[in-house]
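Single-structure report; data block below.
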Amino acid sequence: MNSLEAGIFRYEFTVPEAVIDVNGHVNNVAYVQWMQDVAIQHAAALVSESVLREIGGAWVARSHHIEYLRPAFAGDDIEARTWIADLRRVRAHRRYQFVRLSDGVVLAKGETDWVFIDTDTGLPRSIPEEIKAAFPLVPDGQQ
């Protein structure tokens, strides 16, 4: 299930056994994959792939930061939340939270600096106004 409310995109999923590491909890690399997955789902919910192709633009990750707060385990139902905290000329600063639904505990939080690029050159380019307008900003402290 996914939803978009007040600029925050939410996606629920169950932790699969395949992402459990030798310590018996979710491997840290799984969170990076989930961050990318939920960011793509959020972006696709607001701007279609065909619009991006017409514009000749795409998003690429410049950096990720994750803070692991509590372990998650196989079978846990998780809500991934993401939102855009800031938009600049060629960059979007996206934040994330991963919350265990059974107890409301925030398991991890993170951020990604995304850069909008020209698909022909691979170079950063200004984010078109129609793309900026599609993403409501949720400044820090308002989520």
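Quick one: is Trp34 of a type outside the set (Ser, Thr, Tyr), buried (at least 17 other Cβ atoms within 10 Å of the Cβ) and in a strand (DSSP E or B)?
Values: of a type outside the set (Ser, Thr, Tyr): yes; buried (at least 17 other Cβ atoms within 10 Å of the Cβ): yes; in a strand (DSSP E or B): no.
So Trp34 fails the test.
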Which numbered condition in (1) touching a strand residue (DSSP E or B) at 6+ places or on another chain (Cβ under 7 Å); (2) farther than 18 Å from Phe13 by Cβ; (3) surrounded by fewer than 16 Cβ atoms within 10 Å (Cβ to Cβ) is the only one that Ser102 fails?
(2)
Restricting to segment 1-30, name every residue that is among the hydrophobic types (A, V, I, L, M, F, W, C), surrounded by 10 or more Cβ atoms within 10 Å (Cβ to Cβ) and assigned to a loop (DSSP other than H, G, I, E, B).
Val15
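Ala39: of a type in the set (Gly, Ala, Ser), surrounded by 15 or more Cβ atoms within 10 Å (Cβ to Cβ) and out of contact with any helix residue (DSSP H, G or I) (no Cβ under 6 Å at 6 or more places or on another chain), yes or no? Write out each step before concluding.
Working: of a type in the set (Gly, Ala, Ser): yes; surrounded by 15 or more Cβ atoms within 10 Å (Cβ to Cβ): yes; out of contact with any helix residue (DSSP H, G or I) (no Cβ under 6 Å at 6 or more places or on another chain): yes.
It is true that Ala39 is of a type in the set (Gly, Ala, Ser), surrounded by 15 or more Cβ atoms within 10 Å (Cβ to Cβ) and out of contact with any helix residue (DSSP H, G or I) (no Cβ under 6 Å at 6 or more places or on another chain).
Could you tell me which of the residues Phe116, Phe73 is touching a residue at least 40 places away in the same chain (Cβ under 8 Å), touching a His at 6+ places or on another chain (Cβ under 7 Å), farther than 18 Å from Arg10 by Cα and of a type in the set (A, V, I, L, M, F, W, C)?
Criteria check complete, one pass: Phe73.
Kindly indicate whether His42 is in a strand (DSSP E or B) and under 18 Å from the mean Cα position of the chain (by Cα).
Here the answer is no, as His42 does not meet what is asked.
Quick check on segment 105-133: of everything there that is out of contact with any Leu (no Cβ under 9 Å at 6 or more places or on another chain) and β-branched (Val, Ile, Thr), which residue is surrounded by the fewest Cβ atoms within 10 Å (Cβ to Cβ)?
The residue in question is Thr121.
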Among the residues of segment 69-82, is any of a type in the set (D, E, K, R), touching a strand residue (DSSP E or B) at 6+ places or on another chain (Cβ under 9 Å) and exposed (fewer than 15 other Cβ atoms within 10 Å of the Cβ)?
yes
In segment 41-61, is there at least one residue being under 23 Å from Glu5 (Cα atoms), touching a Leu at 6+ places or on another chain (Cβ under 7 Å) and modelled with pLDDT under 95?
yes
Go through (1) surrounded by 11 or more Cβ atoms within 10 Å (Cβ to Cβ); (2) closer than 22 Å to Ser48 by Cβ; (3) at pLDDT 95 or above; (4) not hydrophobic (A, V, I, L, M, F, W, C) and name the single condition Pro136 misses.
(3)
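The values are calculated or read from the model by the stated rules, or taken from the named source; none is laboratory data. Keep in mind the model is a prediction, meaning the values are calculated, not measured. With ideal geometry, Cβ positions are generated from the backbone for all residues, glycine too; neighbour counts draw on all protein chains shown.
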